[in-house]
Structure formats: C-alpha cells, structure tokens
Amino acid sequence: MSKVAPIEQRKDDHIKINLERDVRSAQTTGLEKIFLLHEALPELNLDDVATSLLLFGRQISAPLLISSMTGGTRDAASINQRLAEAAQECHIAMGVGSQRAAIEHPEQAATFNIRKFAPDILLFANLGAVQLNYGYGLSECQRAVDMLEADALFLHLNPLQEAVQHGGDVRWAGLAKKIEQICKTLPVPVVAKEVGWGISARSAQLLADCGVAAIDVAGAGGTSWSQVEMYRAPNEFLRALAGSFIGWGIPTADSIRLVRQTLPQMPIFASGGLKDGLDLAKCLALGASLGGMAGQFLKAAAVSSENVIETIQLTQQQLQIAMFCAGAASLADLNLTRLQPERRHE
C-alpha cells in the first residue's frame with residue numbers, strides 16, 4: 001500500500017475535491033418534503049421579524065453557522081480569513097475544520113488564527129472525538145480552544161469516514177467515557193458534531209449522558225465524506241469500498257426529529273445539505289436552534305470575503321421572509337405549528 005498522506009496534504013485534498021468534484025450524498029435531506037404554512041395575512045411588518053439570538057454568551061444576528069470546513073494548510077488560512085471576515089461583518093457564528101494538524105504541527109497554528117479578523121463572533125474550535133482514543137485529552141482540547149480563543153469546542157464524530165480512509169482511526173470503543181471527561185473538565189461548552197451521516201436517538205442519548213451542551217446532527221443529504229475519501233483513495237479497492245457508502249446515513253430532517261423527540265431540551269444544530277434560508281427555516285421549525293452551511297460558503301470564500309458576505313446576507317433575508325410569510329415574528333414562534341399539517345412527519 002502507498003504511504004499515508006501527511007495531514008496537511010489530506011486537508012489540501014479535501015478542499016480541492018470539495019471545490020471540483022460532485023461529492024453529494026445519494027440521499028436527500030428530507031427537507032424537500034417539509035413546507036412552512038403560508039399566511040396570507042401575517043399581521044407582521046417584515047422589518048420587525050427578529051432573527052437574532054444569544055448562544056453560549058454571544059449575540060448573533062441570525063441562527064446561522066459557517067460550518068466547520070478547513071484549516072492546517074496555506075490555502076486553508078486564506079479561506080478561513082475570508083470566512084471569518086464575513087462572519088464578523090454579518091455577526092454570525094463560525095466553526096473551523098479539525099485542528100489536529102496544528103496540534104501535531106504547531107507551526108500550522110497560524111492557519112487557524114482568525115480571532116483577529118472576527119473579534120466578536122461565536123467561534124467553535126474543532127477536534128476529532130476519536131483522537132481521545134489515540135492519546136489526546138484535556139490538554140489538547142484546551143490547546144484547540146486557546147488557539148482560536150474559541151467560545152466552545154466541537155468534538156466531531158466521523159466513524160464512517162475513518163473506516164473507509166486509508167490509515168483511518170478505527171478504535172472507537174470506550175470513547176463515550178472520554179467525551180464525558182472532557183465535558184466535565186473543559187471550561188467551555190462541548191458540542192458533539194457528526195460530519196454528514198446524522199445522529200440517531202441512541203447516540204443522542206449517549207451524548208447527552210456524556211454532558212454535551214448541544215448536538216449538531218449533520219445529517220445525510222449534503223457532502224458525503226465517504227465520496228471525498230473515494231476520490232482520495234490510493235487504490236481501486238479503497239475507491240470501491242468508499243464509493244459503496246454514497247447512500248449511507250440518517251437524512252438531516254429525520255435526525256433533527258429523532259434528537260428532538262429523544263432530548264426535548266437539548267439545543268440542536270442542524271447541518272447536512274442545507275441549501276438556503278428556506279431550508280434553515282424548516283430546520284428551526286422542526287426544533288433546531290441553529291443551522292449550519294458549508295459548501296456554499298467554501299465556494300464563495302474561494303473567490304472573496306465579499307462573496308461570502310453576499311451569500312450570508314441572501315440566506316439571512318431568505319430566512320426572514322420565510323418567517324414573515326409563515327407568521328412567525330421570532331425564532332420562538334417558528335415551531336411545528338408553522339408547518340403544513342398534511343406534510344408534517346412526527
């Protein structure tokens with residue numbers, strides 16, 4: 001077998017593949033089956049529809065997250081800068097890609113040094129949860145948070161990606177206890193995050209028992225990281241292995257429902273194939289507190305910060321108009337009662 005690529009090369013590959021290849025899941029998000037109930041007489045002024053919220057001590061203008069994408073390479077540094085500048089301008093939240101590269105190669109930490117571009121945003125650090133089974137602990141988690149001056153930490157869950165990746169990390173037994181220890185000892189909130197295959201009711205309950213502050217379902221219907229790994233695979237066997245999982249996972253809408261029904265009080269972040277502000281509105285009506293998007297922002301950031309700002313503003317206005325036409329004056333008003341009953345799936 002060929003030598004496992006260094007982390008930096010892998011991250012560059014991920015950026016290139018996501019920009020140039022079709023890596024969408026064969027599944028849909030399920031959001032296309034959900035519709036908000038139109039109100040012809042909303043009894044609201046559009047400008048009075050409030051989309052802001054307070055989360056983890058930060059005020060954000062809309063329940064929108066630039067989802068975790070990249071870091072650890074020269075190209076990633078410029079992309080993260082543009083994303084951060086846009087997030088600051090629009091007052092929304094942002095997460096970075098896995099910081100493992102910078103933990104193991106401190107000279108790469110500068111690629112994550114984005115707080116100077118976005119002093120006021122809600123910012124999420126990010127490490128792979130499975131690394132807790134490979135020698136990581138509180139020290140590495142704290143370093144990731146400190147590197148960004150982050151408000152919270154994503155521990156991402158990607159068992160399928162690791163299983164089909166050449167040299168992937170596949171020792172997942174006993175991980176829950178280690179996540180629990182981080183939740184108890186890290187001084188910022190810990191958010192559990194899938195990367196594109198959804199969170200089941202069983203996993204949600206297990207994560208809640210660990211003490212996570214929120215769950216990002218990152219359901220199927222958007223980027224399929226098994227497809228990304230298929231394009232990276234060093235041989236035909238691994239390409240076939242990764243390619244066979246194109247339809248795997250829990251669709252985003254179904255995963256939101258499962259987590260909400262299992263854990264009614266748990267803050268839910270919705271990501272995985274959200275296209276626009278209308279999809280975001282549907283996720284909020286299903287019970288999510290925040291919606292994350294990645295692909296659109298990555299493509300925009302490859303051009304300029306201004307392109308990212310325009311994409312954010314479009315998404316925000318789509319959300320506000322959807323709320324207005326559904327008669328929801330606030331995010332609290334945007335709930336299951338705003339969905340068309342005959343198309344609502346409980």
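Below are the figures for this structure:
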read-out	value
The listed residue being of a type in the set (Ser, Thr, Tyr), in contact with a strand residue (DSSP E or B) (Cβ under 8 Å, 6 or more places away or on another chain) and farther than 29 Å from Leu186 by Cβ, out of Ser271, Ser224, Ser305	Ser224
Count of the stretch 287-346 residues which are crowded, with 22+ Cβ neighbours inside 10 Å and of a type in the set (S, T, N, Q)	1
Where Ala240 falls short, out of the listed (1) more than 27 Å from Gly137 (Cα to Cα); (2) touching a Gly at 6+ places or on another chain (Cβ under 8 Å); (3) hydrophobic (A, V, I, L, M, F, W, C)	(2)
Selected residue (only one of Asp333, Asp254, Asp279 is acidic (Asp, Glu) and in contact with a Leu (Cβ under 7 Å, 6 or more places away or on another chain))	Asp279
Hey, Ala150 touching a strand residue (DSSP E or B) at 6+ places or on another chain (Cβ under 8 Å), outside any strand (DSSP E or B) and in contact (Cβ under 8 Å) with a residue 12 or more places away in the chain or not	yes
Top-ranked residue of the stretch 27-63 - restricted to ones that are free of Cβ contacts under 8 Å to residues at least 40 places away in the same chain and of a type outside the set (S, T, N, Q), ranked as nearest to Gln88 (Cα to Cα)	Leu54
Which listed residue, of Ala301, Ala270, Ala294, is aliphatic (A, V, I, L, M), under 24 Å from Leu54 (Cα atoms) and at pLDDT below 95	Ala294
Residue selected from the stretch 120-147 under the condition under 21 Å from the mean Cα position of the chain (by Cα) and assigned to a loop (DSSP other than H, G, I, E, B), by the criterion nearest to Ala240 (Cα to Cα)	Leu122
Residue list for the stretch 120-134, restricted to those being surrounded by fewer than 21 Cβ atoms within 10 Å (Cβ to Cβ), touching a helix residue (DSSP H, G or I) at 6+ places or on another chain (Cβ under 7 Å) and not acidic (Asp, Glu)	Asn133
Elements of type strands (runs of 3 or more DSSP E) in the stretch 47-87, at least 3 residues being among the hydrophobic types (A, V, I, L, M, F, W, C), modelled with pLDDT of 90 or more and under 18 Å from the mean Cα position of the chain (by Cα)	64-66
Search result, residues across the stretch 150-167 that are within 19 Å of the chain's Cα centre (by Cα) and either farther than 17 Å from Leu207 by Cα or modelled with pLDDT under 95 (or both)	Ala150, Asp151, Leu160, Gln161, Glu162
Residue satisfying condition, being part of a helix (DSSP H, G or I), among the aliphatic types (A, V, I, L, M) and either touching an Asp or Glu at 6+ places or on another chain (Cβ under 9 Å) or at pLDDT 95 or above (or both), within set Ala208, Ala192, Ala218	Ala208
Hits in the stretch 229-247 - residues which are crowded, with 18+ Cβ neighbours inside 10 Å and of a type in the set (Phe, Trp, Tyr)	Tyr231, Phe245
Residue satisfying all of: in the stretch 221-237; in a helix (DSSP H, G or I) and closer than 12 Å to Gln161 by Cα; modelled with the lowest pLDDT among these	Trp225
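The values are calculated or read from the model by the stated rules, or taken from the named source; none is laboratory data. Computed from a predicted model, the values in this text were never measured in an experiment. Ideal geometry is used to build each Cβ from the backbone, glycine not excepted, and the neighbour counts take in all protein chains shown.
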